[in-house]
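Participant: Got a structure for you, questions after.
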Amino acid sequence: MSKIRMRTGRLDLRHLTIDDVGKLVELNADDGVMQYLAWEPPTREQIVHEVSDLITAAEANPGHGRFIAEGADGRFVGWFSLTVGAAGPAAPELGYRLRREAWGRGLATEGSRALIDHAFINLGAESVTAQTMFVNTASRRVMEKSGMRHAKTFHVHVDDPLPGTEHGEVWYEITRDEWLTASMRR
C-alpha cells in the first residue's frame, strides 16, 4: 500500500500504523474526547484490533483510511479519517478526534477540509458525509466550517444511551458541486 501524506498549514497527516496504538489509547482515555462517543474508552486490545482492521480496510481502498495528525512540532494532535461506508467509495465518511489541547484552534476544520479536498481531487468522490450526536455542537460547527451542510436528523436505538441521545444524530454532507462552488470562492 502506498502511504499517503498530506500537509496543511499546521498539520502533517499520515496513514495510521500499528505503532500509533499508544497514542490512540491516550486519546481515548480523555473523558472529554469520548463524551459523545462512549461511556467507557476502548481497551488497548480493542484498539489494537481496530487499528489492524483499519489498516486492512485502507489497503483495500487506496487513498481512504485513518490519518494520524501531527503538529509542526511533530506532536500528536489526533486523527482524521475518510472511510468507505455503506454508500461505497463514491461517498466516503469523514471522521476526526483531537486531543483536548488542540480544541478551539481551527485544527479540526483544517484537517477536515484537507480530507474533503483529497476525496474530491484524488478519489473522485461524489459526496463526503459525516455524522455526530445532535447535541455535539462543536463537531457540528467543524462540519459547517468545512463546507458541509446539515442533511438530516435521525434517531437510533441504543441500549445504554449517552446523555443527549434522545435528541438524535445528525448527518452532514457536501457534494462535488457544492465543493467546487466553495473552492472557487476560496
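The values are calculated or read from the model by the stated rules, or taken from the named source; none is laboratory data. Given the structure is predicted, the values throughout are model-derived calculations rather than measurements. Cβ atoms come from the backbone with ideal geometry, glycine included; neighbour counts cover every protein chain shown. What goes into the accessible areas is simple: the full protein's heavy atoms, side chains included, and nothing from ligands, DNA or RNA. Shrake-Rupley method; radii C 1.70, N 1.55, O 1.52, S 1.80 Å.
Participant: For a quick check: with amide H placed at 1.01 Å from N, whose amide H comes under 5 Å from Asn136's, ignoring anything fewer than 5 positions away on the same chain?
Facilitator: none
Participant: Another one. Pulled fully out, how much extra length does the chain show between Asn122 and Arg10, if you take 0.36 nm times their separation in residues and subtract their Cα-Cα distance?
Facilitator: Taking Asn122 through Arg10 to full extension adds about 38.2 nm, to one decimal.
Participant: Per residue, how large is the accessible surface of the range 107-186? Use a 1.4 angstrom probe and give square angstrom.
Facilitator: Values: 4210 Å² over 80 residues.
Here the per-residue accessible area is 53 Å².
Participant: Given Ala87, Pro42, Ala114, which one lies farthest toward the positive end of the charge dipole of the chain, if we put +1 on the Cβ of every Lys and Arg and -1 on the Cβ of every Asp and Glu?
Facilitator: Going by the Cα projections, it comes out as Ala114.
Participant: Same structure, new question: State the percentage of accessible surface on the range 48-151 attributable to carbon and sulfur atoms; use a 1.4 Å probe and exclude ligands, DNA and RNA.
Facilitator: On the way: 2320 of 4570 Å².
Carbon with sulfur: 51 percent of the solvent-accessible area.
Participant: Any chance you could run the full-extension gain for Thr181 through Ala90? It's 0.36 nm times the residue separation minus the Cα-Cα distance, nm to one decimal.
Facilitator: Taking Thr181 through Ala90 to full extension adds about 30.9 nm, to one decimal.
Participant: Within the range 74-109, whose backbone N sits under 20 Å from a point 7 Å along Cα→Cβ of Ala29?
Facilitator: Those under the cut-off are 75-79, 97-103.
Participant: For the chain, what is the calculated [θ] at 222 nm in deg cm²/dmol (nearest 500), taking -39500 (n - 2.57) for each run of four or more DSSP H residues and dividing by its residue count?
Facilitator: -10500 deg cm²/dmol
Participant: Near Glu101, within a Cβ-to-Cβ distance under 11 Å, what is the net charge of the other residues, with Lys and Arg +1 and Asp and Glu -1?
Facilitator: Working: positive: Arg75, Arg99, Arg100, Arg105; negative: Asp30.
Taking every Cβ under 11 Å from that of Glu101, the sum is +3.
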